[in-house]
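As structure tokens, the structure follows; a few thoughts come after it.
Values quoted throughout were computed directly from the atomic coordinates according to the rules given, and no laboratory measurement underlies them. Worth saying up front: this structure is predicted, and the values here are computed from it rather than measured. In this analysis, Cβ positions are derived from the backbone assuming ideal geometry, glycine residues included, and neighbour counts consider all displayed protein chains.
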Amino acid sequence: MEEGAHEKLLHLTFDEAQGAESSTNAKNSILQSCKFILWLQIFIFTFFTLGGQAAGTLLGRVYYEQGGQSRWIATLAQTAGFPFVLPFICYPSPKNHNEQPVSASIFVRSSVYIFLGLFQVANSMLFTAGLQYLPVSTYSLISGSQLAFTALTSFFLNGQKITPIILNSVVLLSFSSSAIIFQNETGDSGEISQKSLLIGFAATTFGSLGFALQFSLTELAFQKVFKSGTLKVVMKMSFFIGLFVTLTSTIGLFASGNWNDLEKEIGEYRTGKLSYVINLVCTAISWQLYAVGSFGLCYKASALFSNVIINLGSSVVPIFAMVFLKDKMSGLKVFSLLLGLWGYASYIYQHYLDDLEAKASEFKSPDDQDDNLNDGLAYDLD
């Protein structure tokens, strides 16, 4: 009788062990699937960011080379593509019962959109002023510091962990984006007043800091205000900020009087009116992809990761310029590209180490599970 009870208990214990093992395997499978989807989304947003940045930059350069002159039109084209994301906002997303609803009111969300839009307008104006008063090489060196600023703002606002590997990545990418300082710029004038240098330095520095702060505040908004688990929140962020900045740029276009010169500019465009319109439309689409990608990286990864990709794009753009615009590929540009890739690889390696650490903390090794299982069997049988 007692022997039969022991056998029955042993059988039940093994069934429970198999059930626990099956549950663990299912949990591992679900986690692996979620991580795969996450990295797939990060890859797509990275592609949008790099592709949109490269295409928008090249199209902007073609615009000026073919006779375009209005800075307001060029600025307007960078955000006027916001209507292209409207179908993704209106499309009903599948209901998820485990999804947490957005707790913030419409007023709070609207305030965030307007605040971040104002930040973007202010940063664009500061960078424009910096480029106007500083030599290109000096401007590039100062603006390359925005990644270091992002590391600081992310550390204080988003709890970003700054490891030696991430610090190495930030330094490499900062040098990569500002390597133009070592190149002789024919457009740099040696006769610049001290007042102009001071204005340009201050504008570019504050623009870099504001750019970093904007990305960290965007990540903070995703964490604290927009708590929805869907990607529609990224599309809404891109749409409403693009709408606000476009309205602001349109007001600036009319207030500056550049609107009166638009017809003349279109008529004098070297490749024709149709080419002029196509250039601006494609520019708007490209920068909208860039906006969706950069916001998506803030949402799915971090503000620092998003800025890492943007700085990497500054090193990748010369490759596209060489292929499509027949630019010369100097040794300095190759060096900048290699530094950028090295910095990006360092950042990805830190993510790999974090993933290994997370796995080690969440799951015990199979030997430990077997030992615990044997201890449990011995305890039950006793």
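Tabulated results
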{"quantity": "Whole-Hz couplings from phi, Karplus 6.51/-1.76/1.60, listed for the range 263-271; x for Gly and Pro", "calculated": "4, 5, 5, 5, x, 8, 5, 5, 8"}
{"quantity": "Surrounding net charge for Ile165, when Lys and Arg each add one and Asp and Glu each subtract one, Cβ distance under 15 Å", "calculated": "-2"}
{"quantity": "Gained length - Ser193 relative to Ile162, 0.36 nm times residue gap less alpha-carbon distance", "calculated": "7.3 nm"}
{"quantity": "Residues Glu265 and Trp342, FRET efficiency given R0 of 56 Å [Cβ-Cβ distance, rounded to 0.05]", "calculated": "0.85"}
{"quantity": "Backbone HN-Hα couplings from phi across the range 272-284 [Karplus 6.51/-1.76/1.60, Hz, Gly and Pro as x]", "calculated": "x, 5, 4, 5, 4, 5, 4, 4, 5, 5, 5, 4, 4"}
{"quantity": "HN-Hα J in Hz across the range 340-350 - Karplus 6.51, -1.76, 1.60, θ = phi - 60°, x for Gly and Pro", "calculated": "x, 5, 5, x, 5, 4, 4, 5, 5, 5, 5"}
{"quantity": "Net +/- balance of residues flanking Ala129 in space, Cβ distance below 15 Å, scoring K and R +1, D and E -1", "calculated": "+2"}
{"quantity": "Amide H contacts under 5 Å for Ala104, placed H, 5+ residues apart", "calculated": "Lys227"}
{"quantity": "Rounded FRET efficiency, nearest 0.05, which uses the C-beta distance separating Asn28 from Leu118 and R0 of 45 Å", "calculated": "0.45"}
{"quantity": "Net +/- balance of residues flanking Leu325 in space, Cβ distance below 11 Å, scoring K and R +1, D and E -1", "calculated": "+1"}
